[in-house]
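Working notes, structure below.
Nothing in this text is a laboratory measurement; each read-out follows from the coordinates by a stated rule. This one's a predicted model, so the numbers in the text were calculated from it and none came from an experiment. Cβ atoms come from the backbone with ideal geometry, glycine included; neighbour counts cover every protein chain shown.
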Amino acid sequence: MRLLEQAGVPFRVLEYAWDEADLSGVHAAEVLGLPVEQVFKTLVTRAASGGLYVFCIPVAEELELKKAARAVGEKSLAMVHVKELLPLTGYIRGGCSPVGMKKKYPTVLDETAILFDEIAVSAGRRGTQLLLSPTALAEYVGAELADVTGQ
C-alpha cells in the first residue's frame, strides 16, 4: 500500500476475517460481497528456462499453463511450490500480491480485468485486499494483458 501511495496510484483497502482452513480467493470474494470475477489471485510460476512469471487471474478460474507459457514466450510453466513463495516474493500463500514483490517479475493480468472499473488483489497480507483500477495496476507492475485462464 505504501508503494502505491508513493507512486500516486489511487486504491481502496478492504479487510475481512480470513480463515486458515479456507485461504481461497472465492472465500474472500464472498466475505467482501464482490463478484468472483472481480477478485484476482496472484500466482507465481517457473518456466522450463528457469525464469519466474507472475499471473493475476480471477479467483474462481484456473491458470491454463499452456496459454500462460505462450503469453510469456516460454515452452512450459509450472507453479512454484508454496514453500518457495516467501523467499521468492516476500509473501505467503493467501497473501501474495502483484505489488511489492522482492523482485520485479514479468507479470500478466488476465484480460478479463479490463471489464471492471476496479479489481481486488491481495494487499500483501491475509485478510486485506486492494481495490484499484486494472489499468493502473497493470501500469504500475508493468503487466501485460492476456487470456491465460481455462478449464
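Taking the stretch 29-57 and a reference point 7 angstrom along Cα→Cβ of ALA17, the backbone N atoms nearer than 16 Å belong to 29-33. Modelled this way, with points 7 Å down the Cα-to-C-beta line, the labels at ALA146 and ALA60 are 2.5 nm from one another. Rg over Rh for the stretch 35-79 works out to 1.01, both radii taken from alpha-carbon positions and Rh defined as the Kirkwood radius. Given R₀ = 30 Å, FRET efficiency for THR135-ARG70 by Cβ-Cβ distance, to 0.05? The value I calculate is 0.80. Give the residues of the stretch 67-97 whose amide nitrogen is closer than 12 Å to a point set 7 Å from the Cα of LYS103 in the direction of its Cβ. Of the residues in the stretch 67-97, 87-90 have backbone N under 12 Å from the label point off LYS103. Among the trypsin sites (Lys or Arg not before Pro) within the stretch 1-86, those in coil by DSSP and having at most 14 neighbouring Cβ atoms inside 10 Å are LYS75.
Here, P(r) means the percent of Cα pairs in each 10 Å bin from 0 to the largest distance; for the chain it is 12, 45, 37, 6, 0.
Helix content alone sets the calculated 222 nm mean residue ellipticity of the chain: runs of n ≥ 4 DSSP H residues at -39500 (n - 2.57) each, divided across all residues, give -6500 deg cm²/dmol. For the chain, the dipole from Cβ point charges (+1 on Lys and Arg, -1 on Asp and Glu) about the Cα centre works out to 760 debye, to the nearest 20. R0 = 25 Å: FRET efficiency of MET1 with SER24, Cβ-based, nearest 0.05? Given R0 = 25 Å and the Cβ-Cβ separation, E is 0.65.
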